[in-house]
Amino acid sequence: MSQYRQIAGVRVQGSASAPYAARLLGEAWGETPEGVPVRFEADPARPEGGYRIEVPEQGEIRLSGDPFAGLVYAARELLALATPAGVPVGVREGAPRLPLRNLWTWDHSTNWDLRQLGQQEIGALNPYAKPAEAFGADYRRLVDFCSRERIGGIVVYGLLRDAHGGVEAARELCEYANARGVRIIAGIGVNAYGGIYFDGRHRYNLATWLRQRPDLAAELPKKVGFDIDDFGDLHFPASEYMMAACPSQPDNLAWHREAVDWLLDTLPVGGVNFETGDYGSCACARCAARTGGERTSWSYEAMRSVYPTLLETARRTGPAGVPLRHLVEVYWDNIFDLEAQKPLADLPDDVAYQYCVNRGFWHDNRDRLTADHVDGLPHTTNVLRTHAGSQWNRQRHSWVPDLYADMATRAAGAGMRGLTIFAEASAYHPTNEISYLAYARFTWNPDLAWADFWRAEVAPRFGGAAEAEAFRAGAAVLDDPTATADALGAVRGDALAMVAATSGDVQRRWLWLAERAARHAHSAG
């Protein structure tokens, strides 16, 4: 029996089930009437991202997968399997061990097209400073990366904003992503963060609503912001972006429900990420009476009062006939405080509850994330989300692949269903690139050995295993606030030597390290 099947051209069947996946094969191998028959079959019984590839010695090649992402993944793997000898004969199956894999972004600080003016690297309530067309240019690149690396969704806060095209730009992005098996998950601030339409004179923009109904506004503390141990004290500037609505006012809930209906009628989103706001909870007499004096920068009682209605409204079928993905934030560094989470116990159990952790908290508490603890959480579908590797932990361009691998492995072992990370910085930056690849590989297969990941994914990108270790060490110097100009200059010199010895993308990665080290040395000198 031959171990390989030669493919000089393909004749695709069932392309209506996966037009983009079929296009990938046609572009790579060419479509001809005499080509190898390849059949696509949607299989709703498979988990999202699950697929099967059957390559016989003769006859029809069959690709089956879930209707949304699995067929795209199957086509990409079939292409990746090709060698000069042909495609290996046999059967291959795949599915993600952590099914809820999402990248978290704000529109204004997502920089994947690095040619654009107006880039920002931090913020949660910012104006959009780029040209309108930059929104699509940035996010299309991020979608393409997710499709290639089998990452299921992108949370977008600021999805709807007049400054980058409003409804039409958001619709174009959703359609582009859906075709490639990537969910665009609308970030929705409930009573906060701009509401459903983040920025613009729109009836479902929160500031527009509260200008019409000032009697429904929340009473916020003097300081609007929060404190993160790994970042410091954060103050939001006074603006209409930080206007907030009172969760005890029934008219606000009715308005949000109407707005969610409008959103899902208008855009082919792949899901919704609900957040009730973390920059100050309402202190009016009605809220104080309901919460029994609960005073944090967020309110569990506010979550309990709004989530059931809005989740009921959002229960719909999404792209490719699959259910929408619903995530709700339950905020940060509180996953082990079961007493505080008691108000959440009555919330619906068919959505994902997302617990955020900061890097310091994770390092101090990660051994506590056990299956027994996760079983004790109020709900059955739980997702870990982290500020680690982002600006909020002073790590926007840091080397953190081992941290993401650790989180994915421990989350899966404890029975959590997903991991969400920030991904606003382009994979052009090699520190981000390797961190994202670790996230993609270890959330797909938490049993992956670190040595295998390093050998297959990291070493080739820097010219070898020893060279990759040297790059990692240089990146660590960049992150050391005590690093001297001399130490940074040494990193620059070593990186430039590698620039001279390499070419292509390997050279580009070393050139990045040399420039970054020079920049840091200039500031340290």
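The values are calculated or read from the model by the stated rules, or taken from the named source; none is laboratory data. Since the structure is predicted, the reported quantities are computational estimates derived from the model, not experimental observations. Quick reminder, even Gly has a Cβ in these numbers, built from the backbone with ideal geometry, and neighbours come from all protein chains shown. Only protein heavy atoms, including side chains, enter the accessible area calculation; ligands, DNA and RNA are left aside. Shrake-Rupley method; radii C 1.70, N 1.55, O 1.52, S 1.80 Å.
Got a sec? Charge dipole of the range 58-153, +1 on Cβ for Lys and Arg, -1 for Asp and Glu; which of SER64, GLY153, GLY123 is way out at the positive end?
Looking along the dipole axis, the top candidate is SER64.
List the relative contact order of the chain as a percent without decimals, with contacts defined as Cα pairs under 8 Å and 6+ residues apart.
Working: 1065 pairs, mean separation 58.6, N = 525.
Reported relative contact order: 11 percent.
Specify which residue in the list PHE361, HIS373, TRP112 is farthest towards the positive end of the charge dipole of the chain, using unit charges on the beta carbon of Lys, Arg (+1) and Asp, Glu (-1), about the Cα centre.
It is TRP112.
So what's the angle, to the nearest 10 degrees on a 0 to 90 scale, between helix 250-266 and the longest Cα principal axis of the chain?
Taking the Cα atoms of the chain, the angle to 250-266 is about 20 degrees.
Whole number in Å², please: accessible area per residue of the range 324-412, 1.4 Å probe, ligands, DNA and RNA not counted. Numbers along the way, then the final one.
On the way: 3050 Å² over 89 residues.
On a per-residue basis, the range 324-412 sits at 34 Å².
If one takes the longest principal axis of the Cα atoms in the chain, at what angle in degrees, from 0 to 90 and to the nearest 10, does the Cα axis of helix 401-413 lie?
It works out to around 80 degrees.
Could you work out the pair-distance distribution P(r) of the range 1-89 from its alpha-carbon pairs, with 5 angstrom bin width and percents rounded to whole numbers?
3, 16, 28, 27, 16, 8, 2
So if I take the centroid of the Cα atoms in the range 291-368 and the same for the range 129-192, what is the distance between those two points in Å?
23
Kirkwood hydrodynamic radius, computed over distinct alpha-carbon pairs, for the range 440-493: how many Å, to one decimal? If you can, show how the numbers build up before the last one.
Values: mean 1/r = 0.0788 Å⁻¹.
Evaluated over the range 440-493, this radius sits at 12.7 Å.
Pop out the carbon and sulfur fraction of the accessible area of the chain as a percent, whole number, probe 1.4 Å.
Working: 10270 of 20460 Å².
That fraction is 50 percent.
Give me the compactness ratio for the range 406-525, meaning the Cα radius of gyration over 2.2 N^0.38 Å.
Details: Rg = 15.9 Å, N = 120, 2.2 N^0.38 = 13.6 Å.
Compared with the compact-globule rule of thumb, the range 406-525 sits at 1.17.
Using only Cα atoms, locate the centre of the range 89-125 and the centre of the range 46-68, then give the distance between them in Å, rounded to an integer.
Here the two parts' Cα centres lie 26 Å apart.
Any idea which of TYR51, ALA137, PRO99 is furthest toward the positive side of the dipole for the chain, if Lys and Arg beta-carbons carry +1 and Asp and Glu beta-carbons -1?
Projecting each Cα onto the dipole axis, the largest value belongs to ALA137.
Ordered by residue, what ³J(HN,Hα) values in Hz, to whole numbers, does the range 502-515 give under the Karplus form 6.51 cos²θ - 1.76 cosθ + 1.60, where θ = phi - 60° and Gly and Pro are x?
For the range 502-515, the Karplus-derived couplings read 10, 8, x, 5, 4, 4, 4, 5, 5, 5, 4, 5, 4, 5 Hz, x marking Gly and Pro.
Quick one: if you take sqrt(5λ) for each eigenvalue of the C-alpha gyration tensor of the range 251-341, what semi-axes come out, biggest first, whole angstrom? Each step should come with its number before you reach the end.
Working: eigenvalues 153, 53, 19 Å².
So the three semi-axes of the range 251-341 are 28, 16, 10 Å.
Based on Cβ point charges of +1 for Lys and Arg and -1 for Asp and Glu, what charge dipole magnitude is obtained for the range 386-448 about its Cα centre, in debye rounded to the nearest 20?
Numbers: 5 positive and 5 negative charges, 29 e Å.
Its charge dipole is roughly 140 debye.
Pulled fully out, how much extra length does the chain show between ASP402 and HIS373, if you take 0.36 nm times their separation in residues and subtract their Cα-Cα distance? The partial results should precede the final answer.
Numbers: separation 29, 0.36 × 29 = 10.44 nm, distance 2.34 nm.
Result: 8.1 nm gained on full extension.
Might you report the magnitude of the Cβ-based charge dipole of the range 1-100 about its Cα centre, with Lys and Arg at +1 and Asp and Glu at -1, to the nearest 20 debye?
Numbers: 10 positive and 12 negative charges, 28 e Å.
That gives a dipole near 140 debye.
What's the Kirkwood radius of the range 104-149 in Å, using all Cα pairs? Walk me through the numbers before you get to the answer.
Numbers: mean 1/r = 0.0918 Å⁻¹.
In the range 104-149 this quantity evaluates to 10.9 Å.
Assuming 0.36 nm per residue, please report the length gained on full extension of the stretch GLU175 to ARG211 beyond their Cα-Cα distance. List each step's numbers first, then the result.
Numbers: separation 36, 0.36 × 36 = 12.96 nm, distance 3.31 nm.
Gain in length upon complete extension: 9.6 nm.
What are the ³J(HN,Hα) couplings of the range 3-11, residue after residue, when phi is run through the Karplus curve with 6.51, -1.76, 1.60 and θ = phi - 60°? Round to Hz, x for glycine and proline.
Going residue by residue, I get 8, 10, 10, 6, 10, 8, x, 10, 10 Hz, with x marking Gly and Pro.
Using only the alpha-carbon atoms of the range 138-236 as identical scatterers, what base-10 log of I(q)/I(0) does the Debye formula give at q = 0.10, 0.12, 0.15 Å⁻¹?
For the requested q values the scattering log ratios are -0.39, -0.54, -0.76.
Under the 0.36 nm per residue contour assumption, what length would be gained going from the current alpha-carbon distance of ARG316 and ALA82 to full extension?
On the way: separation 234, 0.36 × 234 = 84.24 nm, distance 3.89 nm.
Stretched out fully, the ARG316 to ALA82 stretch lengthens by 80.3 nm.
Calculate how steeply helix 19-29 sits against the longest principal axis of the alpha-carbon atoms of the chain, using the helix alpha-carbon long axis, and give the answer as 0 to 90 degrees to the nearest 10.
30
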